Amino acid sequence: MEIDSRWQRIGKGLSLMKLDGVEFREYQANIIESMLRHGNTLVVLPTGLGKTIIGAAAVADALSRGRKALFMSPTKPLAEQHYATLTSMLNVEGSRVALVLGSVSPKKRAGIERAADVLVATPQTIANDLHNGRISMGDFGAAVFDECHRAVGKYAYTYVANECILRGVFVVGLTASPGSKKEKVNAIVETLGIRHIESRTSYDGDVARYVMPKYMHIIRVERSRRIDEIAVKLKPEIERSLQSLNKMGFLHFSSFERIPKGRLIEAGSQINRIQERNYRYAALFSYIKLLNLMHAYDLLLVEGLYPFSKYFESLEQREKKSRSVENLLKNRDIAEARRLADEAVGNGEEHAKVFAVLDIVKNYRGRSVIIFAQYRSTIKILVEFLKNNGFGAMAFVGKRDGVTQESQKRVMEEFRHRAFDILVASSIGEEGLDVPSVDAVIFYEAIPNEIRNIQRKGRTGRLRAGEVYILIAKGSKDEIYLYVSRQREERMASVLSAAGRALEKKHPVPVQGQSRLYQA
């Protein structure tokens, strides 16, 4: 197939890209053209709209100038995914593109890095090799930071970015969601030395025609009598711990359900700064007890009976227990709450959300669904429940408790090739999964983090229309988190716009046709 002539706009790197048969998309060409003119660019583009081709254009541009290029992703599976894409998309010998991972010995890596012109790697690996003098960013003409919202704090991206800035390397940051806080966006801009922002939403003129519709469904469920019965057993002890901390001056709340997470963390920091030992221990006793009880209460209301039971089981199995945990486990009301929960689980009772999940997936037989849940215990009960009701379901969780990278890869391959239809995933499934044909995404619980919300929603509505379901337990933190996430997503667009305007003033647009990358 011939190359669409409109791709000619992307500059002389075009000859190094295999664009024959690749659909021309106006927004991709606009972004590529802009970043080559402006220099270091932050690209914010909804998931599934082809950020990789934009990164590949930056790589091709560097190669066309006789320089090396670096393409980084935060995880090994993502790096492998981008390596496959770049080897197929770049019109260069396969040996010139190398996958560089920490599992390869430093000596062997050094040889690979010297020989290749394009390195696809995890940032930790590149940071280590830069630090130990195995490579130098002085050899590179471009560096692509995928999922660049991670480029803050002590993450490896910050070290690599600093080396890029010192050596004048062209930087491209790619993300679907940099965050809604001005401070976070400014930190990314500063870390990557960004001079320009190219941000798009699904509603922008050059993007809208390529976006498949997503239909949002908020499913609200009632609490069961059993959950209310157990909650009543927990409340008095939670309130006693709160009253104790209120009297000591660390918290000032009449209801534990109104305490923001940030305020709880702040109270813990205050307590740890107390010099007088006995006073600090007394405060810590009530504080740790409150934290554990509030977490158990939220698990009960938001997650279900089994996760609630498993949490207390995990406390009991700790080899070393604090006095407050030991006191908690001996409490009669807590013991009765646990007995009621265990009895209910034994009788097949569960949170109404579990049954709501079943009702939803019944409409997707033979189609692919991803269910996101926060806790392994929730994932376990969902997988078992779905299997018992005749659905093919598998868990996809992080590397712990016998889960290896190989087993993760096997599960993902089986899901991609439709060996089963329902993937029940933890947060590890939020970033960069190469599963373009998911028909629906289910949030088992609402989450307040706008970055994770956008990543989750982006798993559907790629090649065809998708559906997103968010389960909300009435009278729980789900309701607050749903509101917070909506507010933060809306705020993100205005924060990006303001940051973009500030950069335009600081770094005026170059004369049309003049590229910053070619200025002496």
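Values in this text are rule-based calculations from the coordinates and carry no lab data. Values in this document were obtained by computation on a predicted structure and should not be read as measured data. Glycine gets a Cβ as well: all are built from the backbone with ideal geometry, and neighbour counts include every protein chain shown.
Any chance you could check the Cα centroid distance between region 127-144 and region 444-505 for me, in angstrom?
35
With r as the distance between the Cβ atoms of Phe253 and Ser136 and R0 = 41 Å, compute the FRET efficiency 1/(1 + (r/R0)^6) and round to 0.05.
0.15
Within 10 Å of each residue's Cβ, count the other Cβ atoms and sort Tyr157, Tyr469 from fewest upward. Mind showing how you got there, number by number?
Numbers: Tyr157 28, Tyr469 20.
Least crowded to most crowded, the residues run Tyr469, Tyr157.
Using the crude model of +1 on Lys and Arg Cβ and -1 on Asp and Glu Cβ, and no other charge, please compute the dipole size for the chain relative to its Cα centre, in debye to 20. Mind dumping the intermediate values first?
Numbers: 79 positive and 60 negative charges, 216 e Å.
Charge dipole of the chain: 1040 debye, to the nearest 20.
Once a ≥ b ≥ c are taken as the square roots of the eigenvalues of the Cα gyration tensor of region 158-233, is the result rounded (a/c under 1.5), prolate (a/b larger than b/c) or oblate (a/b not larger than b/c)?
Cα axes put region 158-233 in the oblate bin.
Sort the following peptides by mean Cβ neighbour count (other Cβ atoms within 10 Å, averaged over residues), highest first: 222-228, 343-349, 142-148. Present the calculation step by step, with values, prior to reporting the outcome.
On the way: 222-228: 15.6, 343-349: 13.7, 142-148: 26.7.
Ranking the peptides 222-228, 343-349, 142-148 by packing returns 142-148, 222-228, 343-349.
Just need the relative contact order of the chain here, percent rounded to a whole number, with Cα pairs under 8 Å and 6+ apart.
Computed value for the chain: 17 percent relative contact order.
Can you list the aspartates and glutamates whose alpha carbon sits under 14 Å from that of Lys474, skipping same-chain ones fewer than 8 residues off?
Cross-link targets: Glu222, Asp228, Glu257, Asp298, Glu303, Glu445.
Can you give the calculated 222 nm mean residue ellipticity of the chain, where each DSSP H run of n ≥ 4 adds -39,500 (n - 2.57) and the sum is split over every residue, rounded to the nearest 500 deg cm²/dmol?
On the way: 18 runs with 248 residues, N = 520.
Computed mean residue ellipticity for the chain: -15500 deg cm²/dmol.
Work from the charge dipole of the chain (Cβ charges, +1 for Lys and Arg, -1 for Asp and Glu, about the Cα centre) and give the residue of Val207, Leu78, Gly153 farthest towards its positive end.
Gly153
About its Cα centre, how strong a charge dipole does region 192-309 have in debye, to the nearest 20, once Lys and Arg get +1 and Asp and Glu get -1 at the Cβ?
220
Once a ≥ b ≥ c are taken as the square roots of the eigenvalues of the Cα gyration tensor of region 379-471, is the result rounded (a/c under 1.5), prolate (a/b larger than b/c) or oblate (a/b not larger than b/c)?
Working: a/c = 1.30, a/b = 1.24, b/c = 1.04.
In terms of gyration-tensor shape, rounded.
Rg over Rh of region 225-346, using C-alpha atoms and the Kirkwood radius, what does it come to?
With Rh from the inverse mean 1/r over Cα pairs, Rg/Rh is 0.98.
So how do Arg240, Arg258, Arg67, Arg488 line up by other beta-carbon neighbours within 10 Å, fewest first? Each step should come with its number before you reach the end.
Values: Arg240 13, Arg258 9, Arg67 16, Arg488 20.
Ordered by Cβ neighbours within 10 Å, fewest first: Arg258, Arg240, Arg67, Arg488.
Roughly how many Å is it from the Cα centre of region 175-227 to that of region 7-67, as a whole number?
What the calculation gives is 22 Å, centre to centre.
Please list, or write none, the lysines whose alpha carbon is within less than 18 Å of the alpha carbon of Lys399, excluding same-chain residues fewer than 8 places away.
Cross-link targets: Lys76, Lys380, Lys409.
State, to one decimal in nm², a quarter of the convex hull surface area for the C-alpha atoms of region 299-438, i.e. the direction-averaged projected area.
With the hull built on Cα positions only, its mean projection is 9.8 nm².
State to the nearest 20 debye the size of the charge dipole of region 203-256 about its Cα centre, where the only charges are +1 on K and R beta carbons and -1 on D and E beta carbons.
240
Of Thr378, Ser95, Ile274, which is farthest on the positive side of the dipole of the chain, counting Cα position, with +1 on Lys and Arg Cβ, -1 on Asp and Glu Cβ, and the Cα centre as origin?
In the chain, that residue is Ile274.
Please work out, to two decimal places, the log10 of the ratio I(q)/I(0) at q = 0.07, 0.13 Å⁻¹ from a Debye calculation in which every Cα of the chain carries one identical scatterer.
Once normalised to I(0) and log-transformed, intensities are -0.46, -1.30.
Over every pair of different alpha-carbon atoms in region 21-106, take the mean of 1/r and invert it; report that Kirkwood radius in Å.
After inverting the mean inverse Cα-Cα distance, the result is 14.2 Å.
Which is farthest toward the positive dipole end of region 170-241 among Val171, His217, His196, measuring Cα position about the Cα centre, with Cβ charges +1 (Lys, Arg) and -1 (Asp, Glu)?
Of Val171, His217, His196, it is His217.
Hey, fewest Cβ within 10 Å first, where do Lys68, Lys320, Lys362 land in order?
Ranked by crowding around the Cβ, least crowded first: Lys320, Lys362, Lys68.
Out of every Cα-Cα pair in region 5-210, what percent are more than 31 Å apart?
The answer is 13 percent, as a whole percent.
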